[in-house]
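These notes concern the structure reproduced below.
The values are calculated or read from the model by the stated rules, or taken from the named source; none is laboratory data. Just so it is clear, the model here is predicted, and its values are computed rather than measured. Cβ atoms come from the backbone with ideal geometry, glycine included; neighbour counts cover every protein chain shown. The protein model used for the area step is the full one, side chains on, heavy atoms only, and it has no ligands, DNA or RNA in it. Shrake-Rupley method; radii C 1.70, N 1.55, O 1.52, S 1.80 Å.
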Amino acid sequence: APFGFAWVRLYRWQRGSELCEEAHLPSSIREMEGYRQGMIYRSPSVRMPMTWGMFRPRIFLPADALSWSSSRLTAVLQHELAHVRRRDTMVHLIGQLTRALYWPQPLAWWLLRQWCVDIEYACDDEAMRSPLEPEDYATALYELASEPSRGPAAAIPMASDSVGSLEKRVSRVLSP
């Protein structure tokens, strides 16, 4: 039920969102694998960048995202596009459904949490394969996590206390 309510909430957010024009996006993002026109939205309801949708994934950004520095916006979009390329939203749905089937089993809850942490680590690693500086990426993670916000259960937020330790993620990004 919470997952279904979250799906409806995200659908409403999309309807009330503004599509980001390609001209406002860094050119490096428009050239990345997984990017397609019409997939990035800005919404006043969103406080944390997140990816949502299985067959036509969408990236939601906060309303002020286009005023961010170019390095921060690039870091965020590279991370979110990694979710799109890896089809993490479908994997997330499978994990949520599995947990719903085995809800009385504590191991199912723990495994989903670990799965989400590993998904975030994989996207961090993929984003770092680009010409992005590790310090810029770590700064973007820290700045985003400094405003506590949880996304709906049907979406994958970029930085959240519920998805791995921020300290551990930043140390992984900065380690050689």
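From the list L141, L101, L112, exactly one residue is under 19 Å from K168 (Cβ atoms), touching a helix residue (DSSP H, G or I) at 6+ places or on another chain (Cβ under 9 Å) and free of Cβ contacts under 8 Å to residues at least 24 places away in the same chain. Which is it?
So the residue among L141, L101, L112 that is under 19 Å from K168 (Cβ atoms), touching a helix residue (DSSP H, G or I) at 6+ places or on another chain (Cβ under 9 Å) and free of Cβ contacts under 8 Å to residues at least 24 places away in the same chain is L112.
Starting from residues that are part of a helix (DSSP H, G or I), of a type in the set (A, V, I, L, M) and free of Cβ contacts under 8 Å to residues at least 60 places away in the same chain, keep the ones in segment 57-86 and report whichever is farthest from Y142 (Cα to Cα).
The selected residue is V84.
Is it true that some residue in segment 96-105 is within 12 Å of the chain's Cα centre (by Cα), at pLDDT below 90 and surrounded by 14 or more Cβ atoms within 10 Å (Cβ to Cβ)?
The answer is no; no qualifying residue exists.
Matching residues to (1) in contact with a Lys or Arg (Cβ under 8 Å, 6 or more places away or on another chain); (2) of a type in the set (S, T, N, Q); (3) at pLDDT 85 or above:
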| site | (1), (2), (3) |
| --- | --- |
| T89 | no, yes, yes |
| A108 | yes, no, yes |
| A127 | no, no, yes |
| Y142 | no, no, no |
| P152 | yes, no, no |
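Return the total of residues in segment 22-50 being within 25 Å of M128 (Cα to Cα) and either acidic (D, E) or open to solvent by 70 Å² or more (accessible area, probe 1.4 Å) (or both).
Number of matching residues: 9.
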